[in-house]
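Here's the structure, in structure tokens; my notes come after.
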Amino acid sequence: MIWDILIPLLILGILGIVFGLLLGYASKKFAVPQDPLFPKLRDALPGANCGACGYAGCDAYAKAVAAGEAPVGKCPVGGANAAEAMGEIMGVTAETEDRMVAYIRCSGNQEVAGDRYRYHGVQSCNEAAMIPGGGAKLCAYGCLGLGSCAAACSFDAIHIVNGIAKVDEKSCKACGSCIKACPKHLILLIPAALSVRPSCSNPERGKDVKEVCQVGCIGCGLCMRACEAGAIKMENGLPQIDASLCTGCHACAEKCPVKIIHLAE
């Protein structure tokens, strides 16, 4: 009677040992050689796996660098420290890009921008934007202030203040998660050194803008004409600043009649 129990157990045990040995052999026989630089490069990265470097995650970027397919210094989260560490591992000089930060192109807070109705639905910009009209806000292009961007930020760099999203530039790592999360496409990555930031996304002009937001850009073009460096162009009724040409003179902000061009804090 007892053998009826022991024999199946012994068979299972022997099979387990045999299969274990086979798997161990197969893992060594078919193992893919790993570049010895990869683990060192991976350890130099912060592990955010945000994809801001242009790769699927830190592992993919480290493998690309180890293979010579990508330069060091592409990780905005790790910044100069990660770039320097990777440069030492690869024996190259790290060339970091200018630090970038997220910026929200909307100034329509609760005091200056009206609502069509009071919204009581799911507290998500993506859900609210699916409602006819693009949400409760009168300005169909404005920030809905429900925090989808803040929820997507792993670095606590975005908060909802007075009904619109604000970026804490000191905490921002330019990972781009907030950009993907915003259904209104209000967020851009801009150089942190850029001292002037147009803060409106409404392409309409004049009276049409003022009816929905007291501080919306009216598309007058005075900022462009005031810029002696030629750093501003009007595109789709809105000022676009070429950071490579901007001298930081702030003439555009001074000339703007609705004060929609903000200065960096």
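In this structure, the residue pairs whose Cα-Cα separation is over 30 Å, taken from 74/210; 63/184; 74/166; 63/180, are 74/210; 63/184. Shown in residue order for region 102-108 are the 3J(HN,Hα) couplings computed by the Karplus curve 6.51 cos²θ - 1.76 cosθ + 1.60 at θ = phi - 60°: 7, 9, 9, 8, 7, 10, x Hz (x for Gly and Pro).
For residue 140 and residue 245, the FRET efficiency from 1/(1 + (r/R0)^6), where r spans their Cβ atoms and R0 equals 45 Å, is about 0.90. Once both labels are positioned 7 Å from their Cα atoms along Cα-to-Cβ, the gap between residue 23 and residue 59 label points is 1.8 nm.
One chain, two ends: residue 265 and residue 11. Fully extended at 0.36 nm per residue, the span grows by 84.1 nm beyond their Cα-Cα distance. From most to least packed by mean Cβ count within 10 Å, the peptides 114-121, 36-43, 212-219, 62-69 give 212-219, 62-69, 36-43, 114-121.
Over all pairs of distinct alpha carbons, what does the Kirkwood formula give as the hydrodynamic radius of region 145-265, in Å? Intermediate results must be reported in sequence, preceding the final value.
Working: mean 1/r = 0.0654 Å⁻¹.
One decimal place: 15.3 Å for the Kirkwood radius.
Sorting 52-61, 8-17 by average packing, meaning the other beta carbons within 10 Å per residue, from highest down gives 52-61, 8-17.
Using the Cα centre of region 56-101 as the reference point, and only Cβ charges (+1 on K/R, -1 on D/E), how large is the resulting charge dipole? Debye, rounded to the nearest 20. Write down the numbers at each step before the final one.
Values: 3 positive and 7 negative charges, 22 e Å.
It works out to roughly 100 debye.
Read-outs: derived from the displayed coordinates by stated rules, not from any lab. Computed from a predicted model, the values in this text were never measured in an experiment. Here the Cβ is made from the backbone with ideal geometry for all residues, glycine too, and neighbour counts use every protein chain on show.
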